[in-house]
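Undergrad: Take a look at the following structure, please.
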Amino acid sequence: MANSILVGLQWGDEGKGKIIDVLTENVDMVVRFQGGNNAGHTVEVGDEKFVLHLIPSGILHAGCQCVIGNGVVVNPLTLAQEIADLEARGYEVVDRLRISSRAQLVFSYHCVMDGLFEHKLGENKIGTTKRGIGPAYADKVNRVGIRAGELLNLPRMEHHFRTQAKFYNDIFAEASVPTVDIDSEWASIKGVADKLAPLVEDTVLSINQAVGQGLKVLFEGAQGMWLDVDFGTYPYVTSSNTTAGAACTGSGLAPSRIEHVVGVAKAYCTRVGEGPFMTELHDEEGKRMASLGNEFGATTGRPRRCGWFDAVATRYSAMLNGVDQLALTKLDVLDDFETIKVCVAYDLDGRRLSEMPIAVADYARVNPVYREFPGWCQKTSDATCWEELPERCREYLQALSGLIEAPLKIVSVGPRRDQTFFV
Ligand code: GDP
Ligand code: IMO
Ligand code: MG
């Protein structure tokens, strides 16, 4: 496999973690390039289930190097816990994980601030994961953030941390929000610094050296295209660029070194949190999809909103990301539906649109125009190759690939590693 970027094409939770795990078989290094522990990437190997938040989903393959790139925001306490959890399950992590010295760190004051912003927004809230992601990225662009490199000089880091924590505590006090216990938080950070500091390095060098040696690198996107801070359903988005271009700025590998973009989409559509969702179902069908697909957030456990596949939005997403390899997941969830719908256009104020409305405010006002496909009403989760899929199912997948103008490469028919095949 050549150097590739993998991104979500919808609102996250497309099954990126699972596909990364499958592709890792043929790569040497997996790099996270944006987001933080707002992500929850599930990998199932045999009977074992793992949910990864900050550690790249390549970690379950011995021999795979994993890198947390400069574009990621890292909560040191939850990262240390994630490492410990994997170690407790018999995985060796520290020899294979590296953290960019330029990655921004997330602290509890960011999480409190996240909650305060949401509270102030009231009914306009974003529905964030409350992991402090937005405030941490805000500190980065405000040029007051603390980076992982500071773990290498704890006295300096302590001074910086206390200054920042006090700045936030003053805001919390004024807003009558409980303040952060600075001494106890600093003690916790010092407690994990010994474990994390040896993993910090200039990952621009390590990634480029790996590529120079002919090793293959896979970039693991978090969230999905419609949560991108520039291109998504703003302001109902996350605070990073989740699209393919961010793999370069979030890692320090140049665009000329990257050959492929893998786009992952569910065979239907989900969203967690607030914001427009053009094909959302509010009826029994939507509930059935949620129940069959077990649609609960891997990070917060919140129920995911469900709806039909949106070919207009996903074509835009595939175009913007330059997807040349499409992975379609959770096909098995549609096994029992007698009719399957796909949105192929929108109606807005009496006009038919084949592309996204210009104003995001109009996304919530469109009426989806559906094309109906006959369901296959047959179990697909045991299929091991394209030929073993029912004909109607193959037709559905080919139609999706045609509608969004991206060549189908990978099909997933269940959560397990072995429930995946190449087309
Ligand atoms: P990610 O954030 O994109 O990595 O996706 P999540 O892990 O948050 O959510 C995807 C969920 O669907 C997880 O529970 C996966 O185990 C599960 N999953 C992935 N692929 C399939 C599939 O093809 N079929 C079914 N039924 N479940 C899947
Ligand atoms: P993975 O990588 C689904 C959503 C939140 C909220 C919005 C902003 O597992 O696909 P944030 O905490 O980032 O400020 O919240 O983004 N969100 C996700 N939804 N999957 C994710 O990650 C998400 N990460 C953030 O629900 O709507
Ligand atoms: Mg997820």
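The values are calculated or read from the model by the stated rules, or taken from the named source; none is laboratory data. Here the structure is a predicted model, which means the values were calculated and not measured. Positions of Cβ are generated from backbone atoms using ideal geometry, with glycine treated the same way; all protein chains shown enter the neighbour counts. Calculation scope for accessible area: heavy atoms of the full protein, side chains included, ligands and nucleic acids excluded. Shrake-Rupley method; radii C 1.70, N 1.55, O 1.52, S 1.80 Å.
Undergrad: Against the conditions (1) part of a helix (DSSP H, G or I); (2) open to solvent by 30 Å² or more (accessible area, probe 1.4 Å); (3) away from ligand 2 (no atom under 16 Å from the Cβ); (4) aliphatic (A, V, I, L, M), where does A364 fall short? Just the number, please.
TA: Here A364 meets the rest and fails (3).
Undergrad: Moving on. Take K341 and decide whether it is buried (at least 17 other Cβ atoms within 10 Å of the Cβ) and not hydroxyl-bearing (S, T, Y).
TA: Values: buried (at least 17 other Cβ atoms within 10 Å of the Cβ): yes; not hydroxyl-bearing (S, T, Y): yes.
Considered against the rule, which asks whether it is buried (at least 17 other Cβ atoms within 10 Å of the Cβ) and not hydroxyl-bearing (S, T, Y), K341 comes out as yes.
Undergrad: Would you pick out the residues in the range 18-47 that are modelled with pLDDT under 95 and assigned to a strand (DSSP E or B)?
TA: Of everything in the range 18-47, just one residue is modelled with pLDDT under 95 and assigned to a strand (DSSP E or B), namely V45.
Undergrad: Of these, L60, L6, which one is of a type in the set (A, V, I, L, M, F, W, C) and more than 28 Å from I404 (Cα to Cα)? Outline the logic, then answer.
TA: Working: L6 fails: more than 28 Å from I404 (Cα to Cα).
On inspection, the qualifying residue turns out to be L60.
Undergrad: Which one of the conditions (1) open to solvent by less than 10 Å² (accessible area, probe 1.4 Å); (2) modelled with pLDDT under 95 does A318 fail to meet, given that it meets all the rest?
TA: Evaluating A318 over (1) open to solvent by less than 10 Å² (accessible area, probe 1.4 Å); (2) modelled with pLDDT under 95 leaves (2) as the failure.
Undergrad: Does A298 fit the bill of being away from ligand 3 (no atom under 16 Å from the Cβ), touching a strand residue (DSSP E or B) at 6+ places or on another chain (Cβ under 6 Å) and in a loop (DSSP other than H, G, I, E, B)? Let's see the steps before the verdict.
TA: Numbers: away from ligand 3 (no atom under 16 Å from the Cβ): no; touching a strand residue (DSSP E or B) at 6+ places or on another chain (Cβ under 6 Å): yes; in a loop (DSSP other than H, G, I, E, B): yes.
When the stated conditions are applied, A298 does not pass them.
Undergrad: Okay, next question. Which of the residues belonging to the range 397-423 are closer than 26 Å to R371 by Cβ and of a type in the set (D, E, K, R)?
TA: E405, K409
Undergrad: Any residue at all in the range 379-391 that's assigned to a strand (DSSP E or B) and either free of Cβ contacts under 8 Å to residues at least 40 places away in the same chain or more than 16 Å from ligand 3 (Cβ to nearest atom) (or both)? Step through it out loud before you land on a result.
TA: Start the filter on the range 379-391 by keeping residues that are assigned to a strand (DSSP E or B), which leaves none.
Within the range 379-391, none of the residues are assigned to a strand (DSSP E or B) and either free of Cβ contacts under 8 Å to residues at least 40 places away in the same chain or more than 16 Å from ligand 3 (Cβ to nearest atom) (or both).
Undergrad: Picking from S206, S239, S256, which residue would you name as being assigned by TED's automatic domain parsing to the domain that holds E25, within 13 Å of ligand 2 (Cβ to nearest atom) and open to solvent by 20 Å² or more (accessible area, probe 1.4 Å)?
TA: Numbers: S206 fails: within 13 Å of ligand 2 (Cβ to nearest atom); S256 fails: within 13 Å of ligand 2 (Cβ to nearest atom).
Going through S206, S239, S256 in turn, just one is assigned by TED's automatic domain parsing to the domain that holds E25, within 13 Å of ligand 2 (Cβ to nearest atom) and open to solvent by 20 Å² or more (accessible area, probe 1.4 Å): S239.
Undergrad: From V22, V51, V7, grab the single residue that is farther than 23 Å from S239 by Cβ and either within 16 Å of ligand 1 (Cβ to nearest atom) or not small (G, A, S) (or both).
TA: Numbers: V51 fails: farther than 23 Å from S239 by Cβ; V7 fails: farther than 23 Å from S239 by Cβ.
When all the criteria are applied, what remains is V22.
Undergrad: Out of the residues in the range 73-127 that are within 16 Å of ligand 3 (Cβ to nearest atom) and under 30 Å from D47 (Cβ atoms), which is surrounded by the most Cβ atoms within 10 Å (Cβ to Cβ)?
TA: Pass one, the range 73-127, residues within 16 Å of ligand 3 (Cβ to nearest atom): 78, 82, 127.
Then keep just the ones that are under 30 Å from D47 (Cβ atoms); that gives 78, 82.
On the way: T78: 16, E82: 21.
Within the range 73-127, the match that is surrounded by the most Cβ atoms within 10 Å (Cβ to Cβ) is E82.
Undergrad: Look through the range 219-232, keep the residues that are crowded, with 22+ Cβ neighbours inside 10 Å and more than 10 Å from G35 (Cβ to Cβ), and return whichever of them is nearest to ligand 1 (Cβ to nearest atom). Break it down stepwise before answering.
TA: Quick first cut of the range 219-232, residues crowded, with 22+ Cβ neighbours inside 10 Å only: 219-228, 232.
Now restrict to residues that are more than 10 Å from G35 (Cβ to Cβ): 219, 224-226, 228, 232.
Working: F219: 14, G224: 7, M225: 12, W226: 13, D228: 15, G232: 15 Å.
Among those residues, the one meeting the criterion is G224.
Undergrad: Oh, and also: Can you tell me which residue is farthest from ligand 2 (Cβ to nearest atom) among those in the range 299-340 that are of a type in the set (S, T, N, Q) and out of contact with any Ser or Thr (no Cβ under 9 Å at 6 or more places or on another chain)?
TA: Of the residues in the range 299-340, the ones of a type in the set (S, T, N, Q) are 299-300, 314, 317, 321, 325, 329, 339.
Remaining after also requiring out of contact with any Ser or Thr (no Cβ under 9 Å at 6 or more places or on another chain): 314, 339.
Numbers: T314: 15, T339: 27 Å.
So the residue we want is T339.
Undergrad: Cβ-Cβ under 7 Å, sequence separation 6+ or interchain: first residue in the range 145-161 and at positive phi, partner open to solvent by less than 60 Å² (accessible area, probe 1.4 Å) and part of a helix (DSSP H, G or I). Which pairs?
TA: Pairs that qualify, where the first residue is at positive phi and the partner is open to solvent by less than 60 Å² (accessible area, probe 1.4 Å) and part of a helix (DSSP H, G or I): there are none.
Undergrad: Do we have A298 as buried (at least 16 other Cβ atoms within 10 Å of the Cβ) and in contact (Cβ under 8 Å) with a residue 60 or more places away in the chain here? Please lay out each step first, then the result.
TA: Values: buried (at least 16 other Cβ atoms within 10 Å of the Cβ): yes; in contact (Cβ under 8 Å) with a residue 60 or more places away in the chain: yes.
Against the criterion (buried (at least 16 other Cβ atoms within 10 Å of the Cβ) and in contact (Cβ under 8 Å) with a residue 60 or more places away in the chain), A298 qualifies.
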